[in-house]
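Colleague: Provided herewith is a single structure, encoded as structure tokens, for subsequent inquiry.
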Amino acid sequence: MRMPRRGLVIQARTRWLLVGLALLFSLVLLMYLLECAPQTDGNGSLPGVVGESMGKEYYQALLQEQEEHYQNRATSLKRQIAQLKQELQEMSDKLKSLQEKKSPKVNGMNYQGTKEQTSNDLLEFLHSQIDKAEVSVGAKLPSEYGVIPFESFTSMKVFQLEMGLTRHPEEKPVRKDKRDELVEVIEAGLEVINNPDEEDGQDEDDGVGDRQLYSENDFIEGYYRTERDKGTQYELFYKKMDGMEYRHVTLFRPFGPLMKVKSETVDISRSIINIIVPLAGRTEAFAQFMQNFRDVCIHQDKRVHLTVVYFGQDGLSEVKSILESVARETEFHNYTLVSLNEEFNRGRGLDMGARAWEKGEVLMFFCDVDVYFTAEFLNSCRLNAEPGKKVFYPVVFSLYNPAIVYANQDLPPPVEQQLVHKKDSGFWRDFGFGMTCQYRTDFLTVGGFDLEVKGWGGEDVHLYRKYLHGDLMVIRTPVPGLFHLWHEKHCADELTPEQYRMCIQSKAMNEASHSHLGMLVFRDEIEAHLRKQAYRTNSEAAG
């Protein structure tokens, strides 16, 4: 009996498809073995100055980072192999169903049609989760505590707000599920960039050879947050080493597969930031601020304008002298000095600084003289603020009193060496909203600061609440390149009870960590114990 011609064709297609999938599986397995094999690069050189004596701990940390990199890559390849196995099984099942002449019917209904309808309903539900989440537009919130902050991460570290007693402000992901999640998200973003579709605005005619491909090494930073009843949102940024264009990918996991929200190219090469600093007195702190400004803004970034709003006459000439000296030495003239002969008011100073700009739209960074920032932060400022859509409220890492943190040393180290994210060195200042990046038109549209607020604190919270009650999206996340340097704080008697409470709370939080404060509280008890120990030792020696 001769087999029908249609059956022969299906069998032939089945064999070729299975052979193709088997070859693809073998290729991925070979890539996995090559990727996991140890690399031997005889020309590799260790970082640092030639002849420098490197400690054992440094080499151990270096080896650990390399090992984690390969483990993550191996985990990724294993996951891809598992997905290919699953696809192979699914394809085999589909081919078996094709060999059947008719699809089975259940209660007079075509089962295949029911399955497709269920799949469509699932996709519709997942897309509705994206629409309900705060991904594309902001949500109106009742207070400053209603916003869900992001946590930021790089390829090796996570910067997190919720620490408790065991977690750290900066740490490597310890849990395997968290490591796998972040690796998967970074790779999913690369897949979106390297294999764009029509929605991404790139021509399909462009071949892979004409398109610049991105790798894991091009990942700069990311943010994620979870809305418990909807899913997890991821904002990812990639950049080539020598370029100024960033690739921004937004992904959303609606408690299921990742779904691309958008993929876009962000060009920040012409984005000017107007850094506005209100000031009264404190000329030594301003001189230190200008040293950081010179290193970061003038020598590295080169796309900033500085606006200093000075209150009073005492110290004004010295501030002018510092600005003129920097201008002469660096040929930097993109600055404005606004002088107000009145009592210091931070909100009034920032408002005047914003209105002093006469060149149209501009991105503003409201800053204080005690803040230290990096060039990477300025790019984060540009990437996370968008006129009419987003304002950026980064969480500052506030440093403790160096006299307490480094009490066991003769002198505290230089400021640059104090900029570390550790429990005993500082904390994420999640109750502060003074440092912000926003566009001038958005600031003026919401009405700016409440100028009736006098003295210390309160004006930044009022502005923050205005954005929360509006339609703009508020991006709130800790950033590694923004530090608040410790300085002695005085709470004036003229403050209102609410302002005085906030000032005292800030003063207590700024001084030292729980462990260091505990050592200060129990200092007398510790010294008494040491004296008893010394007395007992001397008595035993004399006996």
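The values are calculated or read from the model by the stated rules, or taken from the named source; none is laboratory data. This one's a predicted model, so the numbers in the text were calculated from it and none came from an experiment. Reconstructed Cβ throughout: ideal geometry from the backbone, glycine too, with neighbour counts over all protein chains shown. The accessibility values were calculated without ligands, DNA or RNA, using every heavy atom of the protein model including side chains. Shrake-Rupley method; radii C 1.70, N 1.55, O 1.52, S 1.80 Å.
Colleague: Counting only residues that are farther than 16 Å from Met259 by Cα, open to solvent by 80 Å² or more (accessible area, probe 1.4 Å) and in a loop (DSSP other than H, G, I, E, B), which one in segment 169-205 is modelled with the highest pLDDT?
Modeller: Arg175
Colleague: All but one of (1) closer than 19 Å to Ala407 by Cβ; (2) open to solvent by less than 60 Å² (accessible area, probe 1.4 Å); (3) not assigned by the TED database to the domain that holds Tyr400 hold for Ser513; state the number of the condition that does not hold.
Modeller: The failed condition is (3).
Colleague: Please work out which residue is modelled with the highest pLDDT, limiting yourself to segment 433-453 and to residues that are within 30 Å of Tyr406 (Cβ to Cβ) and under 17 Å from the mean Cα position of the chain (by Cα). Steps first, answer last, please.
Modeller: Just the residues of segment 433-453 that are within 30 Å of Tyr406 (Cβ to Cβ), to begin with: 433-435.
Then keep just the ones that are under 17 Å from the mean Cα position of the chain (by Cα); that gives 433, 435.
Values: Phe433: 93, Met435: 97.
Out of the qualifying residues, it is Met435.
Colleague: Given the conditions (1) touching a residue at least 40 places away in the same chain (Cβ under 8 Å); (2) closer than 23 Å to Glu284 by Cα, which single one is not true for Asp442?
Modeller: Asp442 satisfies every listed condition except (2).
Colleague: Polar (S, T, N, Q) and surrounded by fewer than 22 Cβ atoms within 10 Å (Cβ to Cβ): does that describe Gln417?
Modeller: On the way: polar (S, T, N, Q): yes; surrounded by fewer than 22 Cβ atoms within 10 Å (Cβ to Cβ): yes.
For Gln417, the condition - polar (S, T, N, Q) and surrounded by fewer than 22 Cβ atoms within 10 Å (Cβ to Cβ) - is met.
Colleague: For segment 436-542, please list each of the helices (runs of 4 or more DSSP H) lying entirely inside it that holds at least 3 residues being touching a Phe, Trp or Tyr at 6+ places or on another chain (Cβ under 8 Å) and of a type in the set (A, V, I, L, M, F, W, C).
Modeller: Values: elements: 440-445, 459-468, 497-511, 514-521, 523-542.
Counting at least 3 such residues, we get 497-511.
Colleague: Quick one: how many residues across segment 373-418 are within 17 Å of the chain's Cα centre (by Cα) and either of a type outside the set (Gly, Ala, Ser) or modelled with pLDDT under 95 (or both)?
Modeller: The number of residues fulfilling the criteria is 20.
Listed here are the residues, each with its yes/no results for (1) outside any strand (DSSP E or B); (2) out of contact with any strand residue (DSSP E or B) (no Cβ under 6 Å at 6 or more places or on another chain); (3) modelled with pLDDT of 95 or more.
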site	(1), (2), (3)
Pro257	yes, yes, no
Val261	no, no, no
Pro278	no, no, yes
Met290	yes, yes, yes
Val296	yes, yes, yes
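Colleague: Still on this model: Given the criteria more than 26 Å from Glu162 (Cβ to Cβ) and either assigned to a loop (DSSP other than H, G, I, E, B) or not basic (Lys, Arg) (or both), does Phe431 qualify? Outline the logic, then answer.
Modeller: Numbers: more than 26 Å from Glu162 (Cβ to Cβ): no; either assigned to a loop (DSSP other than H, G, I, E, B) or not basic (Lys, Arg) (or both): yes.
Against the criterion (more than 26 Å from Glu162 (Cβ to Cβ) and either assigned to a loop (DSSP other than H, G, I, E, B) or not basic (Lys, Arg) (or both)), Phe431 does not qualify.
Colleague: Would you confirm whether any residue within segment 321-336 is surrounded by 22 or more Cβ atoms within 10 Å (Cβ to Cβ), modelled with pLDDT of 95 or more and under 20 Å from Leu485 (Cβ atoms)?
Modeller: No, the conditions are met nowhere in segment 321-336.
Colleague: Okay, moving on. Starting from segment 340-360, take each residue that is more than 15 Å from Phe443 (Cα to Cα) and list its partners that are modelled with pLDDT under 95 and among the β-branched types (Val, Ile, Thr), counting only C-beta distances under 8 angstrom and pairs at least six apart or across chains.
Modeller: So the pair list comes out as Asn345/Val453.
Colleague: Further question: Mind listing whichever residues of segment 348-367 are in a loop (DSSP other than H, G, I, E, B) and surrounded by fewer than 21 Cβ atoms within 10 Å (Cβ to Cβ)?
Modeller: Trp357, Glu358, Lys359, Gly360, Glu361, Val362 - these are the residues of segment 348-367 that are in a loop (DSSP other than H, G, I, E, B) and surrounded by fewer than 21 Cβ atoms within 10 Å (Cβ to Cβ).
Colleague: Additional query: Before we move on, is Val371 among the β-branched types (Val, Ile, Thr) and surrounded by fewer than 22 Cβ atoms within 10 Å (Cβ to Cβ)?
Modeller: yes
Colleague: Further question: Taking segment 151-161, which residues are over 15 Å from Arg228 (Cβ atoms) and either acidic (Asp, Glu) or touching a Lys or Arg at 6+ places or on another chain (Cβ under 7 Å) (or both)? Full working, then the answer.
Modeller: So the first thing to find is which residues in segment 151-161 are over 15 Å from Arg228 (Cβ atoms), and the list is 152-161.
Met156, Lys157, Gln160 - these are the residues of segment 151-161 that are over 15 Å from Arg228 (Cβ atoms) and either acidic (Asp, Glu) or touching a Lys or Arg at 6+ places or on another chain (Cβ under 7 Å) (or both).
Colleague: Right, next: Which count do you get for residues in segment 326-372 that are of a type in the set (Asp, Glu) and over 30 Å from the mean Cα position of the chain (by Cα)?
Modeller: 5
Colleague: Now a separate question. Within segment 477-508, how many residues are among the hydrophobic types (A, V, I, L, M, F, W, C) and either open to solvent by 80 Å² or more (accessible area, probe 1.4 Å) or more than 25 Å from the chain's Cα centre (by Cα) (or both)?
Modeller: 7
Colleague: A further question follows. When Pro254 is evaluated against the numbered criteria (1) under 27 Å from Phe392 (Cα atoms); (2) without any contact (Cβ under 8 Å) to a residue 60 or more places away in the chain, which criterion, by number, is the only one it fails?
Modeller: (2)
Colleague: In addition: Filter segment 266-289 for residues that are under 20 Å from the mean Cα position of the chain (by Cα) and free of Cβ contacts under 8 Å to residues at least 24 places away in the same chain and give the result.
Modeller: The answer is Asp267, and nothing else.
Colleague: Can you tell me which of Asp301, Asp267 is under 30 Å from Ile193 (Cα atoms) and open to solvent by less than 50 Å² (accessible area, probe 1.4 Å)?
Modeller: None of the others qualify; the one that does is Asp301.
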